[in-house]
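One structure is given below, encoded as structure tokens.
The values are calculated or read from the model by the stated rules, or taken from the named source; none is laboratory data. Keep in mind the model is a prediction, meaning the values are calculated, not measured. Don't worry about glycine lacking a Cβ; one is built from the backbone with ideal geometry, like all the others, and counts go over all protein chains shown. When the accessible area is computed, the model is the full protein with side chains, heavy atoms only, and any ligands, DNA or RNA have been set aside. Shrake-Rupley method; radii C 1.70, N 1.55, O 1.52, S 1.80 Å.
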Amino acid sequence: MVVQSAAEAITYPAVGAELDIEGVSHAFDIDGATLPVLDNVSLAIAPGEFVALLGPSGCGKSTLLRLVAGLERPRAGVLREDETRITGPHPSRVVVFQDPTLFPWRSVWDNVALGLEAQGILKTQRHRVDDAIDLVGLSSFRNAYPHQLSGGMAQRVALARALVNDPKILVLDEPLGKLDSLTRIAMQSEIVALWQRKGFTTLLVTHDVEEALVLANRVIVLSDRPARIKADIAVQRPYPRHRGDPYLAELRKQILGLLGLEATW
Amino acid sequence: MSTYSVSDAAAAPAPRAAVTLSNLSGSYGIGLAASLAWLAFGLSCLYWPDVGDWSRTDSLGIGAIVIAAFVLFGTFGADYLGGPGEALRKRAPWLVALGALFTLWEVATAKFAWLPLPFFPPPQSILEVYTDDLPKLLDSVFASVKLQLGGYIIGATIGFVTGVSIGWSQKAGYWIHPVLRFIGPLPATAWLPIAFFSFPSSWSASTFLIALATGFPVTVLTWSGVASVSSAYYDVARTLGAKPSFLVLKVAIPAALPHVFVGLFMGLGSSFAVLVVAEMIGVKAGLGWYLQWAQGWAAYANMYAALIVMSLLCSGAITLLFRTRDRLLVWQKGVVKW
Ligand SMILES: Nc1ncnc2c1ncn2[C@@H]1O[C@H](COP(=O)(O)OP(=O)(O)OP(=O)(O)O)[C@@H](O)[C@H]1O
Ligand SMILES: [Mg+2]
């Protein structure tokens, strides 16, 4: 139902997995009261698709990503990866969290190697770590410790740590939120290039409408908490996209309207 | 506009190591003062007669003069000596103070007996202990180090493992936590009478007490370290495919290590106290016992000599622990230098 009419009608490489979110609701218990966070969210993502989630702060975007990652089980509904029910974390679904959360006691190289080490395949696959570090342009920092990196570099290490596992689904939680606008734009093109080359399915949370439009095939707009899907918008434009594109500008206006921000436009 | 040019700067003579008036008052001056202070110490030993009967006065005096000569040569040759010369220059103010202190000590005890004599032995009598009573002193050092090391390693290991298990597993916490709260705060020395009764040997009793004194702080701090590890680290590791053993060994423990070292330092301090008391009361060997024995014979010089050795050993142990920590925790910034 999704990428059907996209201008780029991409023939995605076989790497990406299909992600199916079906009637998912979730809530937290705070001081005995129940705080509903997700309300019957259903979303089908095709293999290799790039989907952006937009929504007001605190509406439940990160919570949805934690469910996709398998770090928590939903109170209701089902999540599936390639028809298989998600019951726990798996390295085929890797998350880049809102904070880079690098391990401060590990060098850049060792941080990136984390996934392969945890899966017990580091010994034979060391070159993959080097490749991932080269990919994010940090070859000369492989022996640095996290406290010696800038915020943007730390985010890039977090990205490399995820990519080294060759995920089928890459989950990004505002990975560029803390970067300055220049680094941000550079990283955005890097992410698109990587996605096009590797073909993984991508689920990106962002609060930047422009970022969502420049990167994604499809933008999902969520309501206030508890989050519900308000709109599902296909972005039919080939890559690389241009920020000044009037088509994107029109979509941006529409989305800001959905988020209740017409007045500022 | 500035009148300086590159060629001017290059033509200016490089300030090579020449003894001028200005650097006489600087680093050379302090080196010279250090040399003079040690010379004064040496001469004070040799010039006046001793008020008591000490056999090492002359050797001490000559030794001090030799040191004075070394300091003198070292000071003026510092530029050609490299590392050692630099080290000497840095320590010169301390050498002045030490030389002056020794001179005063020598004069106030051995020469004019301004301080009451058996209680304040002169430097040469302490030197005498180090030369004439060396075998016994070395035996004591060896016994103390052996006892301390055994107890400390056992206590630190058990404390670390216990701390990790209660930090990690709720079940372990349920059983161990109350025991820890009940027994932990008790000073290990309170167990002394019971321990010496119930253990087969005083050596095993003392090992137990030292391990106990070490184990409590190590347990508590390891536990709090493991418990305070941010859950974000576990989330990252789990999404990358980590199993529980990986989470403990590669996430919880490294993240808790700074806390563990605080516990190891605290444990080291309290175990020193237990060691000395245990040696004084139960074990018939070690520096604590040597102190006790010296007191019994009113051998005050031996007591001071043993105290100095003890302080060097304790300080050495702390230094070693700091070095280990600095190596293991290079990733931390701004660690305290010892
Ligand atoms: N572990 C938790 N326990 C209790 N409440 C939680 C927990 N995690 C999240 N919440 C609550 O769930 C709601 C949604 O949180 P979530 O982190 O998903 O928001 P978000 O959409 O990612 O916001 P932001 O854009 O600011 O990151 C918040 O109101 C938050 O207080
Ligand atoms: Mg969030």
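Figures for the structure shown
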item: Whole-number D in µm²/s for chain A (Stokes-Einstein; Kirkwood sum over Cα pairs; 10 °C, 1.306 mPa s); result: 83 µm²/s
item: Segment A:175-250: trypsin sites (Lys or Arg not before Pro) in DSSP coil with no more than 14 other Cβ atoms inside 10 Å; result: A:Arg243
item: Difference of contour (0.36 nm per residue) and Cα-Cα distance, B:Ser59 to B:Leu138; result: 26.3 nm
item: Calculated [θ] (222 nm, deg cm²/dmol) that DSSP helices of n ≥ 4 give over chain B, each run adding -39,500 (n - 2.57); result: -24500 deg cm²/dmol
item: Computed [θ] at 222 nm, deg cm²/dmol, chain A (DSSP H ≥ 4; -39,500 (n - 2.57); rounded to nearest 500); result: -9000 deg cm²/dmol
item: Volume per residue that the Cα convex hull of the protein assembly as shown spans, once the total is divided by residue count, Å³; result: 280 Å³
item: Label-point separation in nm, B:Ser245 to B:Ser230, each point 7 Å along Cα→Cβ; result: 2.8 nm
item: Accessible surface of segment B:134-328, 1.4 Å probe, proportion on carbon and sulfur as whole %; result: 74 percent
item: Phi-based couplings in Hz for segment A:88-104 (Karplus 6.51, -1.76, 1.60; Gly and Pro marked x); result: x, x, 8, x, 6, 10, 9, 10, 9, 6, 4, 9, x, 5, 6, 7, x
item: Per-residue average of Cβ from other chains inside 10 Å of A:144-156; result: 1
item: Fraction of beta bridges assigned by DSSP in chain A that are antiparallel (%, nearest 5); result: 55 percent
item: Degrees, to the nearest 10: B:83-106 long Cα axis against longest axis of chain B; result: 80 degrees
item: Sequence-distant lysines (8 or more away, or on other chains) whose Cα lies within less than 17 Å of A:Lys168; result: A:Lys198
item: Computed FRET value (nearest 0.05) for B:Leu329 with A:Glu250, which takes r as the C-beta separation and R₀ as 51 Å; result: 0.40
item: Accessible solvent surface per residue of the protein assembly as shown, calculated while the other protein chains remain in place, 1.4 angstrom probe, Å²; result: 50 Å²
item: Cβ-Cβ FRET estimate between A:Ala186 and B:Ser198, R0 fixed at 56 Å, reported to 0.05; result: 0.20
item: Surface/4 estimate of mean projected area, convex hull on alpha-carbon atoms of segment A:102-166, nm²; result: 3.8 nm²
item: Value of D in µm² per second that Stokes-Einstein yields for chain B, Kirkwood Rh from Cα pairs, at 10 °C (1.306 mPa s); result: 65 µm²/s
item: Among B:Ala97, B:Thr109, B:Ile281 the positive-end extreme of the charge dipole of chain B (Cβ point charges); result: B:Ile281
item: For a label point 7 Å along the Cα-to-beta-carbon line of B:Leu320, residues of segment B:133-153 with backbone N under 18 Å; result: B:138-153
item: Positive-end residue, the protein assembly as shown charge dipole about Cα centroid, Cβ charges, pick of B:Gly77, A:Ala52, A:Ser42; result: A:Ser42
item: Between B and A, accessible area buried - total, square angstrom, nearest 100, 1.4 angstrom probe; result: 2000 Å²
item: Principal axis box of segment B:153-268, alpha-carbon based, largest edge first, Å; result: 54, 25, 21
item: Amide H partners (placed H, <5 Å) of A:Gly77, local residues excluded; result: A:Ser25
item: The protein assembly as shown: antiparallel DSSP beta bridges as a percent of all, rounded to 5; result: 55 percent
item: Kirkwood hydrodynamic radius of segment B:134-328, Cα pairs, Å; result: 18.1 Å
item: Check: chain B dipole with +1 on Lys, Arg Cβ and -1 on Asp, Glu Cβ, in debye; result: 1380 debye
item: Nearest-20 debye value, the protein assembly as shown charge dipole, Cβ charges on Lys, Arg, Asp, Glu; result: 440 debye
item: Shape box of segment A:56-131 [Cα atoms, principal axes, largest first, Å]; result: 40, 31, 19
item: Phi-based couplings in Hz for segment B:312-325 (Karplus 6.51, -1.76, 1.60; Gly and Pro marked x); result: 5, 5, 4, 5, x, 5, 4, 4, 4, 5, 4, 4, 4, 4
